[in-house]
Amino acid sequence: MERRILVTGALGQIGTELLRALSLKYGSDKIIATDIKDTEKLSNIGIKFLKLDVLNLEELENIIKNYKINEVYHLAAILSASGEKNPKLCWDINVNGLLNVLELSIKYNYRIFSPSSIAVFGSDVGGLAFQNSPLNPSTVYGITKVTGELMAEYYHRSHGVDIRGLRYPGLISWEVMPGGGTTDYAVEIFHEALASKKYTCFVKKETRLPMMYMKDAIRATLELMDAPEEKLTIRGGYNLPSLSFTAEELYRKIKEEIPEFECEFEPDNRQDYADSWPDEIDGTLSENDWGFKLEYDLDLMCREMINSLKNS
Ligand code: NAD
Ligand code: AKB
């Protein structure tokens, strides 16, 4: 099948790297990148960019119709910390934006990738979150992600929509700064380790969260979208095998490479969101259903982050 791919929220932390992976795999002429923000950069690499607010159903439909889209990577969203500042906007974009994508898929019959998050879990989950652990999030962002998972299952069951989802952990990448999440400290720390050699981390040093290097996350996304339909047992969001380390362990690992780096820990309101999430994720179902395996451990990820930032 020739792919004609639409990416929403394409200028964000994941979108920027997913665009490159999709264009390597399918060709840049097969991709329409969209975002509520504007850019001129993508035309240099042959990707067509259109400004699109996912809440604008008419414009979304025009793009899907005009470009005969048959696959959508729906990344437009408001993340956890920004969501707590504006819960209604978070609900509108994360839930109603997804509903627009789902509704049009009934008419235009395209496949959908819709990311979920470890934020679906709440503090009742304990340290280790299994696929079927309770979903009682305390952030509005987490509530929108649980709703998104349930709507994905519903549209698949009732309308046969081929939608797939992953519960990404905190994603670590160097190219684009993350957009208003709780796990952003794990990216900022690398930038500051190189730029100013000091960082004030906004969670306590003992805060342990599930994390993953972006390359593993992009590969997981492509592998899930390539998995045969009959292998998939869930549609809302697969737990992914993930790394698990404390903020202090990350600091110590970076300090091995940059000995003069100093980090202080001054928790703010994001500590509460971090405390409500699990320390670790059991990703056995992803391994069993579609064969996902992590490639990057903490050492490899830190070395690659530091080298990439040095050379950027
Ligand atoms: P991001 O904030 O970096 O990017 C989101 C993009 O969506 C931004 O470029 C923003 O301009 C765009 N956007 C916001 N409102 C929009 C609207 N109304 N219409 C169109 N575009 C809009 O986020 P990300 O990290 O790239 O996350 C992408 C998806 O992955 C989200 O669903 C997020 O919940 C999920 N996720 C991310 C992480 C992570 O660590 N990055 C972890 C778990 C889940
Ligand atoms: C956030 O911190 O909000 C995201 C996420 C884990 O969903 N990075």
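Read-outs: derived from the displayed coordinates by stated rules, not from any lab. Values in this document were obtained by computation on a predicted structure and should not be read as measured data. With ideal geometry, Cβ positions are generated from the backbone for all residues, glycine too; neighbour counts draw on all protein chains shown.
Amide H of F292: which non-local residues (sequence gap of 5 or more, or other chain) have their own amide H closer than 5 Å, using H built in the peptide plane?
Under 5 Å from the amide H of F292: E287.
Quickly work out the E266-to-E188 label distance, labels modelled 7 Å from Cα along the C-beta direction, and quote it in nm with one decimal.
Modelled inter-label distance: 1.1 nm.
Which value, in debye to the nearest 20, gives the size of the charge dipole of region 68-153 about its Cα centre, when Lys and Arg are +1 and Asp and Glu are -1 at the Cβ?
240 debye
Count charges around F113 for me, please; just the other residues with Cβ under 9 Å from its Cβ, Lys/Arg as +1, Asp/Glu as -1.
Surrounding charge for F113 is +1.
Tell me which of N269, F190, L232 sits at the most positive position along the dipole axis of the chain, charges placed on C-beta atoms (Lys, Arg +1; Asp, Glu -1).
The listed residue farthest towards the positive side: L232.
With springs only between Cα atoms under 10 Å apart, run a GNM on the chain and tell me which of P87, P134, P228 wobbles the most.
Sorting by GNM fluctuation, first place goes to P228.
Magnitude of the Cβ-charge dipole of the chain, K/R +1 and D/E -1, about the Cα centre, nearest 20 debye?
Here the size comes out at about 860 debye.
Please find the FRET efficiency linking K51 to N307, where r is the Cβ-Cβ separation and R0 is fixed at 30 Å, and quote it to the nearest 0.05.
0.30
Using only alpha carbon positions, build the gyration tensor of region 1-99, then give the equivalent ellipsoid semi-axes as the square roots of 5 times its eigenvalues, largest first, whole angstrom.
Equivalent ellipsoid of region 1-99: 23, 15, 11 Å, largest first.
Sticking with the crude label model, points 7 Å out along Cα→Cβ, report the distance from K253 to K204 in nm, one decimal please.
2.2 nm
Please list, in chain and number order, the residues 5+ apart from I32 or on another chain whose amide H is under 5 Å from its amide H, with Hs placed from the backbone.
I5, L6, V7
When ranked by the protection proxy of mean other Cβ atoms within 10 Å per residue, highest first, what sequence do the peptides 3-13, 148-158 form?
Those peptides, ordered most packed to least, come out 3-13, 148-158.
Let's test the formula: R0 of 25 Å, r as the Cβ-Cβ distance of E230 and Y67. What FRET efficiency results, to the nearest 0.05?
For E230 and Y67, the calculated efficiency is 0.30.
Which residue fluctuates the most in the chain, going by a Gaussian network model with Cα springs under 10 Å, if the choices are E266, E188, E248?
Of E266, E188, E248, the most mobile in the Gaussian network model is E266.
K293 versus A21, label points 7 Å from Cα toward the beta carbon: distance in nm?
Those two pseudo-labels are separated by 1.7 nm.
Which length gain, in nm to one decimal place, applies between D279 and K85 when the Cα-Cα distance is subtracted from 0.36 nm times their residue separation?
This chain segment gains 67.4 nm when fully extended.
Using a Cα-Cα cut-off of under 17 Å, which aspartates and glutamates could be cross-linked to K41, ignoring same-chain neighbours fewer than 8 residues away?
Once the sequence-local aspartates and glutamates are set aside, what remains near K41 is E17, D29, E175.
Show the residues, 5+ positions off or on another chain, whose built amide H is closer than 5 Å to the amide H of F265.
C201
Test of understanding: in a Gaussian network model of the chain with alpha carbons linked when under 10 Å, which of I189, I106, I64 would top the mean-square fluctuation ranking?
I106
To the nearest 500 deg cm²/dmol, what mean residue ellipticity at 222 nm is calculated for the chain from DSSP H runs of n ≥ 4 alone, each contributing -39,500 (n - 2.57), summed and divided by the residues?
Calculated from helices alone, the mean residue ellipticity at 222 nm is -12500 deg cm²/dmol.
Report the antiparallel proportion of the DSSP beta bridges in the chain as a percent, rounded to a multiple of 5.
Taking every DSSP beta bridge with both residues in the chain, the antiparallel ones total about 10 percent.
May I ask you to evaluate 6.51 cos²θ - 1.76 cosθ + 1.60, the Karplus curve with θ = phi - 60°, for each residue of region 163-180 and list the ³J(HN,Hα) values in order in whole Hz, giving x for glycine and proline?
10, 9, x, 10, 8, 4, x, x, 9, 10, 8, 10, 6, 10, 5, x, x, x
Residue by residue through region 184-199, which ³J(HN,Hα) values in whole Hz follow from phi under the Karplus form 6.51 cos²θ - 1.76 cosθ + 1.60 (θ = phi - 60°), with glycine and proline marked x?
Once rounded to whole Hz, the list reads 4, 4, 6, 9, 4, 4, 5, 4, 6, 4, 8, 6, 10, 6, 8, 8.
Please compare each pair in K197/K255; K145/K293; K48/K215 to a cut-off of 19 Å on the Cα-Cα distance and tell me which ones are over it.
K145/K293; K48/K215
Across region 90-96, in residue order, what do the Karplus-derived ³J(HN,Hα) couplings come to in whole Hz, using 6.51 cos²θ - 1.76 cosθ + 1.60 with θ = phi - 60° and x for Gly and Pro?
4, 4, 4, 6, 6, 9, 5
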